[in-house]
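Q: Quick one: the structure is below, questions incoming.
The values are calculated or read from the model by the stated rules, or taken from the named source; none is laboratory data. Every value quoted in this text rests on a predicted model; they were computed, and no experiment measured them. In this analysis, Cβ positions are derived from the backbone assuming ideal geometry, glycine residues included, and neighbour counts consider all displayed protein chains. For the accessible areas, the whole protein counts, side chains as well, though only heavy atoms, and no ligand, DNA or RNA atoms are used. Shrake-Rupley method; radii C 1.70, N 1.55, O 1.52, S 1.80 Å.
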Amino acid sequence: MSQMDVQGPADMKPLGSRAPKFVKRSRPLHLGWQVGVFLAGLVVVVVGVILLPLPGPGWLVIFAGMAIWATEFVWAQLVLRWTKRKVTEAAQRALDPRVRRRNLILTSIAVIICAVLLSVYVWQFGLAMPWTISD
């Protein structure tokens with residue numbers, strides 16, 4: 001495995017701990033640092049997972065937790081690089097004129113179907129709501 005494989009492309013930061021030098025010099029201090037970073041990232045990721053079914057930025061919080069882990073752990077750095085690459089590829093595909101045209105056509109068809117269904121409902125039942133609210 002070459003140095004490029006371990007570190008990735010030249011424009012990316014090298015993989016590994018980003019702890020301060022004085023922390024890296026002491027094995028017990030560095031181990032404590034890693035435990036602290038892991039626990040902080042874990043708390044943020046768990047909050048993100050809790051937010052997934054709730055209204056809120058669940059995925060954003062999960063990626064923030066991964067970014068915390070990536071300050072110390074190579075596996076998290078690799079996951080974030082892979083995620084960034086996939087998001088960039090998806091954004092490039094979404095900007096493709098053919099994909100945009102297809103999405104516009106599908107959205108237009110969905111809007112027309114909803115408008116037709118709403119028109120049929122209003123024609124059949126009028127503007128009165130199917131439930132009553134009593135005081």
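Q: Across the chain, how many lysine pairs separated by 8 or more positions, or lying on different chains, have Cα atoms within less than 26 Å?
A: Here the count comes out as 4.
Q: Something else about it: Kindly state, to the nearest 0.05, the FRET efficiency for residue 29 paired with residue 81, given R0 = 22 Å and r defined as their beta-carbon distance.
A: With R0 = 22 Å, the Cβ-Cβ based efficiency is 0.20.
Q: As I understand it, the value is the acute angle between the Cα axis of helix 58-70 and the longest principal axis of the Cα atoms of the chain; what does it come to in degrees, rounded to 10?
A: The answer is roughly 10 degrees.
Q: Let me ask you something else. Mind checking the dipole of the range 42-135: about its Cα centre, +1 per Lys or Arg Cβ, -1 per Asp or Glu Cβ, Debye to the nearest 20?
A: 640
Q: Okay, moving on. Give the accessible surface of the range 19-79 per residue, rounded to a whole number of Å², with probe radius 1.4 Å and ligands, DNA and RNA excluded.
A: About 63 Å² of surface per residue is accessible.
Q: Further, regarding this structure: Just going by the charge dipole of the range 7-77, with Lys and Arg at +1 and Asp and Glu at -1 on Cβ, which of 64, 75, 35 is farthest out on the positive end?
A: In the range 7-77, that residue is 35.
Q: In nm, to one decimal, how far is the residue 103 label point from the residue 13 one, both placed 7 Å along Cα→Cβ?
A: 3.0
Q: If each DSSP helix of 4+ residues adds -39,500 (n - 2.57) and the sum is divided by the residues in the chain, what number results at 222 nm, nearest 500 deg cm²/dmol?
A: Rounded to the nearest 500, it is -24000 deg cm²/dmol.
Q: I've got another one for you. Before anything else, pin down the relative contact order of the chain: Cα pairs under 8 Å, at least 6 apart, normalised by residue count, whole percent.
A: Computed over the chain, the figure is 16 percent.
Q: In a GNM of the chain with a 10 Å cut-off on Cα contacts, which of 38, 125, 22 has the highest mean-square fluctuation?
A: Of 38, 125, 22, the Gaussian network model singles out 125 as fluctuating most.
Q: Still on this structure, I have one more. Take the Cα atoms of the chain, build their convex hull, and give its volume per residue in Å³.
A: 187
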